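Undergrad: One structure, pasted below without further comment.
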């Protein structure tokens, strides 16, 4: 069976373009591993593949959840496994593409077995966050420095969960992650890691942010809020959506929102690369996704060997 292809890398590195091109060349279909592309009505800020691309190349796990809902890693694993089985049953090649590396890791290695939730502790932490988010983040710095580096400053949900786990378990959540026994991957896979030059990636991030705002991201966020999506919804924690919400509240100017989006996206890209470096056997690609299609196809063909290629040619 053809190994599962996984296209990973930092935001704006061209994962979407590479995944679609590989699916087209290899008679495959794309499975999105993006925590926010699952939500309907969030098109601009999540940089979803265009409607034309999705009509040409089937994409799975996009627009499958309402932004009022909370979509989890467990739901992603369930849905991705079903999509992979369906694609393979039809004789096609599944290509997993996305920057939510927690989802990718959960698919390949299983979910992290966290300690049970403590509703009373969580309720207290929620109140403390509402009163003073900076003080709560300072507590995370003390309890779990590893998670503090990994979790964005304004990510309330993950910050509170890391503190909750650390307090319930009596040790940092990052230590629990590292202490997990090694598991055999659920799928034989090839992980392709995009790693363009940082200066060029930063330039593309700035261009992408400007393009999103020009394309109407503010109106997209306004529509979601007017549609009843609460500010606390997981969907509105995505970069771009939270900043535009503050503009709509009159707290920020558009110029500040743009600058904050650029900074947040650069930090996200750095975290994504840090995670990817921790993955074993990544096949690194030094350019942007749209420029390395031929190189990747050649690598995959070389892995298959001449006998397999000959059988395909005579089939």
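The values are calculated or read from the model by the stated rules, or taken from the named source; none is laboratory data. As the structure is a prediction and not an experimental result, all values here were calculated from the model. All Cβ positions, glycine included, derive from the backbone under ideal geometry; neighbour counts span all protein chains shown.
Undergrad: In segment 90-122, what count of residues is obtained for those that are under 23 Å from residue 184 (Cβ atoms) and assigned to a helix (DSSP H, G or I)?
TA: The qualifying residues number 9.
Undergrad: For residue 163, are the conditions met, namely being in contact with a helix residue (DSSP H, G or I) (Cβ under 8 Å, 6 or more places away or on another chain), surrounded by 20 or more Cβ atoms within 10 Å (Cβ to Cβ) and either in contact (Cβ under 8 Å) with a residue 60 or more places away in the chain or more than 29 Å from residue 191 (Cβ to Cβ) (or both)?
TA: Yes.
Residue-by-condition table, conditions (1) outside any loop (DSSP other than H, G, I, E, B); (2) without any contact (Cβ under 8 Å) to a residue 12 or more places away in the chain; (3) farther than 20 Å from residue 192 by Cβ:
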{"site": "10", "(1), (2), (3)": "no, no, no"}
{"site": "23", "(1), (2), (3)": "yes, no, no"}
{"site": "44", "(1), (2), (3)": "no, no, yes"}
{"site": "47", "(1), (2), (3)": "no, no, no"}
{"site": "77", "(1), (2), (3)": "yes, no, yes"}
{"site": "81", "(1), (2), (3)": "yes, no, yes"}
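Undergrad: In segment 49-75, what count of residues is obtained for those that are touching a strand residue (DSSP E or B) at 6+ places or on another chain (Cβ under 9 Å), in contact (Cβ under 8 Å) with a residue 24 or more places away in the chain and not in a loop (DSSP other than H, G, I, E, B)?
TA: 4
Undergrad: Could you please find all residues in segment 209-232 being over 26 Å from residue 70 (Cα atoms) and either in contact with a helix residue (DSSP H, G or I) (Cβ under 8 Å, 6 or more places away or on another chain) or not assigned by TED's automatic domain parsing to the domain that holds residue 251 (or both)?
TA: Correct list: 210 only.
Undergrad: Continuing with this model, one more query. Would you call residue 104 without any contact (Cβ under 8 Å) to a residue 40 or more places away in the chain and in the same structural domain as residue 300 (by TED's automatic domain parsing)? Before you say what the answer is, go through the steps one by one.
TA: On the way: without any contact (Cβ under 8 Å) to a residue 40 or more places away in the chain: no; in the same structural domain as residue 300 (by TED's automatic domain parsing): yes.
So residue 104 fails the test.
Undergrad: Follow-up. Identify, please: which residue in segment 273-315 is in contact with a helix residue (DSSP H, G or I) (Cβ under 6 Å, 6 or more places away or on another chain), at pLDDT 90 or above and closer than 27 Å to residue 44 by Cβ and is, among those, surrounded by the fewest Cβ atoms within 10 Å (Cβ to Cβ)?
TA: Ranking the qualifying residues of segment 273-315, first place goes to 290.
Undergrad: Now for a different question. For residue 71, state whether it is under 13 Å from the mean Cα position of the chain (by Cα) and farther than 25 Å from residue 282 by Cβ.
TA: Judged against the criteria, residue 71 is a match.
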